[in-house]
Amino acid sequence: MLKSFVLLRVTRTQDGVFGVLMQGSKPFAVTLEPEDKDNQKGISCIPEGLYYCEPWASPKFGRTYEVLNVPNRDKILIHSGNLEEHTKGCILIGESFGELSGKTAILDSRKGQEEFLLKAGGSQIMLTIIWAFK
């Protein structure tokens, strides 16, 4: 049985799209994505929807997950990072919201990534991405 996660996007600011990552109804991490720019490669968050994700060994980020079947996009990863400029179209994961270099950020990203990897268990998962509001 696939493990299921929900990324609930809770706000958008000039510093990106911020969300909460949940397993079932239990939140355990925060996320940061780039602004919505019509799903443009490398600069936009991906559309709301249901996505399969597979473990991925990234040369840059190590163990992570790739979000599959995003229309007209590939190599979208869930990885550590703190600021929107670190996303390159990917989903960043961390433990808390905060501020870095005068920008809204996510903090303790490596710890958040480790927690996510542990919960995902190294097998394919299902990720639902939704907005808390439109």
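Looking at the calculated P(r) for the stretch 85-129, what percent of the C-alpha pair distances fall above 18 Å? Everything past 18 Å amounts to 38 percent. Charged side chains reduced to their Cβ positions (Lys and Arg at +1, Asp and Glu at -1) give the stretch 30-134 a dipole of some 220 debye around its Cα centre. In sequence order, the stretch 47-55 has phi-based couplings of x, 4, x, 10, 10, 7, 10, 10, x Hz under the Karplus curve 6.51 cos²θ - 1.76 cosθ + 1.60, θ = phi - 60°, and Gly or Pro positions carry x. I need to check one value: relative contact order of the stretch 81-121, counting alpha carbon pairs closer than 8 Å and at least 6 residues apart, in percent. Taking the mean separation of contacting Cα pairs over the length of the stretch 81-121, I get 37 percent.
Here's how it looks for V30: its modeled amide H is under 5 Å from those of L21, G94, E95, S96, which are all 5 or more places away or on a different chain.
The antiparallel fraction among DSSP beta bridges confined to the chain stands at about 80%. Maximal additional length on extending the S58-I43 stretch stands at 3.5 nm, based on 0.36 nm per residue less the C-alpha distance.
Taken over the chain, the alpha-carbon convex hull comes to 97 cubic angstrom per residue.
Summarising the amide proton neighbourhood of R63: residues at separation of 5 or more, or on other chains, whose placed amide H is nearer than 5 Å comprise S58. Rounded to the nearest 500, the helix-only mean residue ellipticity at 222 nm of the chain stands at -3000 deg cm²/dmol, with each DSSP H run of n ≥ 4 adding -39,500 (n - 2.57). The mean accessible area for residues of the chain, using a 1.4 Å probe and ignoring ligands and nucleic acids, is 52 Å² per residue. Protein-only accessible surface at a 1.4 angstrom probe places the residues W131, W56 in the order W56, W131, largest first.
The values are calculated or read from the model by the stated rules, or taken from the named source; none is laboratory data. Everything numeric in this text was worked out from a predicted model, so none of it was measured. Heads up, the Cβs are rebuilt from the backbone with ideal geometry, glycines too, and the neighbour counts pull from every protein chain shown. Please note that ligands, DNA and RNA were not included when accessible areas were found on the heavy atoms of the full protein model with its side chains. Shrake-Rupley method; radii C 1.70, N 1.55, O 1.52, S 1.80 Å.
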